[in-house]
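Engineer: Supplied in structure tokens, the structure appears directly below.
The values are calculated or read from the model by the stated rules, or taken from the named source; none is laboratory data. Just so we're clear, the structure is a prediction, and the values are computed from it rather than from any experiment. Heads up, the Cβs are rebuilt from the backbone with ideal geometry, glycines too, and the neighbour counts pull from every protein chain shown. Just the protein is used for accessible areas: all its heavy atoms, side chains included, with ligands, DNA and RNA removed. Shrake-Rupley method; radii C 1.70, N 1.55, O 1.52, S 1.80 Å.
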Amino acid sequence: MLDFFTFALVGFFAQAVDGALGMAYGVISSTVLLGVGLPPAQVSASVHAAELFTTAASGSGHLYHRNIDWKLFARLAPFGIIGGVTGAYVLTSIDGSAIKPFITTYLAALGIWIFARSFRKLPSKPISGKLVAPLGLAGGFLDASGGGGWGPIVTTGLLGAGGAPRYVIGTVNASEFLITLSVSLAFLIALITGHWQDAGDLSNHAMSIAGLIVGGLGAAPLAGWIVRHVPEKLLLRAVGTVICILAITQTVQQVFAA
């Protein structure tokens, strides 16, 4: 039960930030799970299992409030799915201990990116259609292989290209459910077919995953309040700093352990 309540707090904080900014649930959750010793593939599978629930709740809210650009959704989601399934296949093919330093370094880089974004003034111009496909592929691949990254990469990229925040965040959150579902099915198929030989027993972490789900669902209704009352720059800097500290600490520990 201690695991459940601990990860419920993590899930609550991560989803509160994600709902307000359109990013960070996967990155925060993955960084913490890596910190307690889970292999990268199990981290990604656990986070995506939790995100099946949180992204469904978040996407439904954006659908209700008409925050989704369906043309952008139709162009973005298929490439995100392709990238996500590819990332899951690659991650389940690699030894977890060998890839973990790269994953923590990647998460640290995302933390720096999120922090730096708070100091940048976003341009205002139409989103180029040529940008959507590569963003979707990269975001899906890194989200699956790193356990997080769809929001930071795709939301940041689309906002940086001049997209309207309301529709960018709504569309990215709604499409994330399909990417999460595809990645989760890819992990399940890899497990059933024996391709994922280093899977371990995911049931050992059931309470942690349940905590992420319950905490995330509890925070979903607060996103609107957070958007109105907490400055975006403050949230970005806080999240970026926390992720960097956790990820860099883990990287240093792995170097000394080796």
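Engineer: Out of the range 127-154, which residues are among the polar types (S, T, N, Q) and in a helix (DSSP H, G or I)?
Structural biologist: Initial filter on the range 127-154 (among the polar types (S, T, N, Q)): 128, 145.
Once the filter is applied, which keeps residues that are among the polar types (S, T, N, Q) and in a helix (DSSP H, G or I), the range 127-154 yields only Ser145.
Engineer: Another question, then. Any chance you could count how many residues in the range 34-57 are under 13 Å from the mean Cα position of the chain (by Cα) and buried (at least 24 other Cβ atoms within 10 Å of the Cβ)?
Structural biologist: Counting residues in the range 34-57 that are under 13 Å from the mean Cα position of the chain (by Cα) and buried (at least 24 other Cβ atoms within 10 Å of the Cβ) gives 9.
Engineer: Out of Gly140, Gly129, which single residue is surrounded by 15 or more Cβ atoms within 10 Å (Cβ to Cβ) and of a type outside the set (Lys, Arg)?
Structural biologist: Gly140
Engineer: Follow-up question, since we're still on this one. Scan the range 237-253 and report the pairs whose first residue is farther than 18 Å from Met23 by Cα and whose second residue is open to solvent by 70 Å² or more (accessible area, probe 1.4 Å) and assigned to a helix (DSSP H, G or I), with Cβ atoms within less than 8 Å and a gap of 6+ or a chain change.
Structural biologist: Thr251/Thr105
Engineer: Please enumerate the residues belonging to the range 71-111 that are out of contact with any Ser or Thr (no Cβ under 7 Å at 6 or more places or on another chain), β-branched (Val, Ile, Thr) and modelled with pLDDT under 95.
Structural biologist: Thr92, Ile94, Ile99, Ile103
Engineer: I would also like to ask the following. If you take the residues of the range 79-107 that are aliphatic (A, V, I, L, M) and open to solvent by less than 30 Å² (accessible area, probe 1.4 Å), which of them is nearest to Ala41 (Cα to Cα)?
Structural biologist: Among those residues, the one meeting the criterion is Leu91.
Engineer: Look at Ile192 and say whether it is open to solvent by 10 Å² or more (accessible area, probe 1.4 Å) and farther than 28 Å from Cys244 by Cβ. Don't jump to the end; show me each part of the working.
Structural biologist: Working: open to solvent by 10 Å² or more (accessible area, probe 1.4 Å): yes; farther than 28 Å from Cys244 by Cβ: yes.
So Ile192 fits the description; yes.
Engineer: Next question. Could you identify the single residue in Ile209, Ile179 that is closer than 30 Å to Ala98 by Cα, open to solvent by less than 70 Å² (accessible area, probe 1.4 Å), at pLDDT 90 or above and part of a helix (DSSP H, G or I)?
Structural biologist: Ile179
Engineer: If you don't mind, there's one more thing I want to ask. Name every residue in the range 87-102 that is under 25 Å from Val168 (Cα atoms) and more than 16 Å from the chain's Cα centre (by Cα), in order of residue number.
Structural biologist: none
Engineer: Further question on the same structure: Taking Tyr64 as meeting all but one of (1) closer than 24 Å to Ala109 by Cβ; (2) open to solvent by 10 Å² or more (accessible area, probe 1.4 Å); (3) at pLDDT below 85, write down the number of the exception.
Structural biologist: Against the list (1) closer than 24 Å to Ala109 by Cβ; (2) open to solvent by 10 Å² or more (accessible area, probe 1.4 Å); (3) at pLDDT below 85, Tyr64 comes up short only on (1).
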